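Pasting a structure below so you can have a look.
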Amino acid sequence: MMEPKKQSKNRGFYVRMKLLNHNNGGNRNRGLFCYRYFKWVLWFSLSFYFFASFLFNHKPNTISKTTVPQYSKASRALIEYPETQHHRDSLNGLKIYVYDLPSKYNSDWLSNERCSNHLFASEVAIHKALLNSDVRTFDPYEADFFFVPVYVSCNFSTVNGFPAIGHARSLISSAIKLISSEFTFWNRSSGSDHIFVASHDFGSCFHTLEDVAMADGVPEFLRKSIILQTFGVKYDHPCQKAEHIVIPPYISPESVRKTLATSDVNGRRDIFAFFRGKMEVHPKNVSGRFYSKKVRTVILKKFGNDRRFYLKRHRFIDYQSEILRSTFCLCPLGWAPWSPRLVESVVLGCVPVIIADGIDLPFSSAVPWSEISVTVAEKDVGKLGTILENVAATNLSTIQQKLWDPRISRALLFHDRTVEGDATWQVLHALTEKLSRSHHRSRVLSE
């Protein structure tokens, strides 16, 4: 009974194969041709469709060096711009001679990488920018001003890592003795057309504690010169006895660009009020003074458990990414009234909350501080929550719109090559208002 079934199965299989083989002639060839033709037509049609869709829907990348990447549209933190040289015509034909001092006064200090990157590094940045600037002259007899490049902020303490500036007076005095003995330009004006940088807590008083700085005052040998300093107040102060220009603390443009490139925040600002830095629960009495005049202590005690406030006391290498996430950034005084947070907040699109009575802020002609920041009196710091909530409910959007103007960020950052409108350019512009000190201009006018 099994044999016929087996034979039937084999014949059926054989017949099917035979039928298939029978159709492997013209019909099969025609089928393969049609299949291949159809495959190529389908491939070509799909390719054409996707290519056409790309052409019609794709918008060219129009982001140039003068626009904001989409991810930072909301923060408008830092705008790329071409590093073109400024035009001398816009600076009234200003000319500056840069002394070529022995390396012990400047470049030797650069062996420590921190020297050109820390918050006092404007002394290095300005020197580099002037060396590459078209206002630089190699003929001292046609110079309006003379720049003396002495780096005094790069002597970092082996104990705490902070810049030790106890040597500043002697190093600058030594440089002045050198240039006054080898050149005639210092002696003819008593240094009134000479420029120095003092980018530390209390400027050219060269001390970190205010009572000592005030007692020592500005060294006699600098009192007739022009000082570029981060310290500035709107009231009479011994550390402002020399002619001076208030400049911003140094923040690396590259560090800001890196923060923008690596922070995936899409413009979201999920932190209401931010501060990271030194906040003492029990501040020490140092020569009758307390750090930050106890302002930071009040902030910690009053708002440390307030969910609206993101307060951190310890260092964090990526803290700029926290600024980028914040709506308000607290900028309380430390020992000195100024703070690098002022610059970082602005260039990262966070509204700076300035808590430092009487502070004189840099480049007020280019930076409308009253329109892009919130100022809180030191005595009112306990009301900070209410004050910021009121701002958020009323004019926050107006403040942010003005804060995100790229020209403002540009004015607060130093570059190795001067960009028109940047911090070095603002210094040069301020110097054009002091051309009455130029011995060269006075001599030309008298002739």
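The values are calculated or read from the model by the stated rules, or taken from the named source; none is laboratory data. Please read all numbers here as calculations on a predicted model, not as lab measurements. Because the Cβ atoms are built from the backbone with ideal geometry, glycine has one as well, and the counts that use them run over all protein chains shown. Side chains are part of the model used for accessible areas, which takes the heavy atoms of the whole protein and leaves out ligands, DNA and RNA. Shrake-Rupley method; radii C 1.70, N 1.55, O 1.52, S 1.80 Å.
Give the number of residues within region 149-171 that are outside any loop (DSSP other than H, G, I, E, B), open to solvent by 10 Å² or more (accessible area, probe 1.4 Å) and either free of Cβ contacts under 8 Å to residues at least 60 places away in the same chain or among the β-branched types (Val, Ile, Thr) (or both).
4
When region 229-253 is examined, which residues are found to be out of contact with any helix residue (DSSP H, G or I) (no Cβ under 6 Å at 6 or more places or on another chain) and either farther than 15 Å from residue 340 by Cβ or of a type in the set (Lys, Arg) (or both)?
Passing the criteria: 233, 234, 235, 236, 237, 240, 241, 243, 244.
Here is a follow-up. Given region 234-342, what helices (runs of 4 or more DSSP H) lie entirely inside it while holding 3 or more residues that are at pLDDT 95 or above and open to solvent by 50 Å² or more (accessible area, probe 1.4 Å)?
295-303
Give just the number: which of (1) modelled with pLDDT under 95; (2) out of contact with any Leu (no Cβ under 7 Å at 6 or more places or on another chain); (3) among the basic types (Lys, Arg); (4) under 24 Å from residue 427 (Cα atoms) does residue 169 not satisfy?
Residue 169 satisfies all of (1) modelled with pLDDT under 95; (2) out of contact with any Leu (no Cβ under 7 Å at 6 or more places or on another chain); (3) among the basic types (Lys, Arg); (4) under 24 Å from residue 427 (Cα atoms) except (1).
State all residues of region 276-321 that are of a type in the set (Phe, Trp, Tyr) and within 30 Å of residue 258 (Cα to Cα); if no residue qualifies, say none.
Of region 276-321, the ones of a type in the set (Phe, Trp, Tyr) are 290-291, 303, 309-310, 316, 319.
Passing the criteria: 309, 310, 316, 319.
Mind listing whichever residues of region 343-364 are small (Gly, Ala, Ser), out of contact with any Cys (no Cβ under 7 Å at 6 or more places or on another chain) and open to solvent by less than 20 Å² (accessible area, probe 1.4 Å)? Give the steps one after another, and end with the answer.
Initially, region 343-364 is screened for residues small (Gly, Ala, Ser), giving 345, 349, 356, 358, 364.
Add one more test, that the residue is out of contact with any Cys (no Cβ under 7 Å at 6 or more places or on another chain), and what stays is 349, 356, 358, 364.
Listed by number, the residues that qualify are 349, 356.
Sticking with this one: With the condition kept exactly as written, say whether any residue in region 125-133 is open to solvent by 10 Å² or more (accessible area, probe 1.4 Å), over 21 Å from residue 94 (Cα atoms) and either part of a loop (DSSP other than H, G, I, E, B) or of a type in the set (A, V, I, L, M) (or both).
no
Further question: Any residue at all in region 223-231 that's crowded, with 17+ Cβ neighbours inside 10 Å, within 19 Å of the chain's Cα centre (by Cα) and not hydrophobic (A, V, I, L, M, F, W, C)?
Yes: one or more hits.
In the list 241, 302, 294, which residue meets the criterion of being touching a Gly at 6+ places or on another chain (Cβ under 7 Å), over 30 Å from residue 430 (Cα atoms) and among the charged types (D, E, K, R)?
Just one listed residue meets the conditions, 302.
Here's something else I'd like to know. Go through region 379-397 and count every residue that is open to solvent by less than 30 Å² (accessible area, probe 1.4 Å) and either assigned to a loop (DSSP other than H, G, I, E, B) or acidic (Asp, Glu) (or both).
Adding up the residues that qualify gives 0.
Given the criteria open to solvent by 30 Å² or more (accessible area, probe 1.4 Å), more than 22 Å from residue 362 (Cβ to Cβ) and in contact (Cβ under 8 Å) with a residue 24 or more places away in the chain, does residue 146 qualify?
no
Applying the selection to region 301-330, what residues are in contact (Cβ under 8 Å) with a residue 60 or more places away in the chain and farther than 24 Å from residue 389 by Cβ?
320, 321
Here's a check for you: in region 184-214, which residue that is open to solvent by 50 Å² or more (accessible area, probe 1.4 Å) and in contact with a helix residue (DSSP H, G or I) (Cβ under 7 Å, 6 or more places away or on another chain) is farthest from residue 334 (Cα to Cα)?
Checking each candidate, the answer is 188.
Another one. Open to solvent by less than 10 Å² (accessible area, probe 1.4 Å) and touching a residue at least 40 places away in the same chain (Cβ under 8 Å): does that describe residue 367?
Here the answer is yes, as residue 367 does meet what is asked.
Okay, next question. State all residues of region 186-206 that are within 16 Å of residue 224 (Cα to Cα) and in contact with a Phe, Trp or Tyr (Cβ under 6 Å, 6 or more places away or on another chain); if no residue qualifies, say none.
Once the filter is applied, which keeps residues that are within 16 Å of residue 224 (Cα to Cα) and in contact with a Phe, Trp or Tyr (Cβ under 6 Å, 6 or more places away or on another chain), region 186-206 yields 193, 194, 195, 203.
Take the conditions open to solvent by 30 Å² or more (accessible area, probe 1.4 Å) and either part of a helix (DSSP H, G or I) or within 24 Å of residue 256 (Cα to Cα) (or both) and apply them to residue 109. Does it pass?
Numbers: open to solvent by 30 Å² or more (accessible area, probe 1.4 Å): yes; either part of a helix (DSSP H, G or I) or within 24 Å of residue 256 (Cα to Cα) (or both): yes.
Criteria met by residue 109.
Let me ask something else. Just to be sure I understand the filter: pairs with C-beta atoms under 6 Å, separated by 6 or more residues or on different chains, first member in region 388-400 and on the phi < 0 side of the Ramachandran plot, second member basic (Lys, Arg). Which pairs pass?
Pairs that qualify, where the first residue is on the phi < 0 side of the Ramachandran plot and the partner is basic (Lys, Arg): there are none.
Could you check, for region 378-389, whether at least one of its residues is over 22 Å from the mean Cα position of the chain (by Cα) and farther than 29 Å from residue 305 by Cβ?
no
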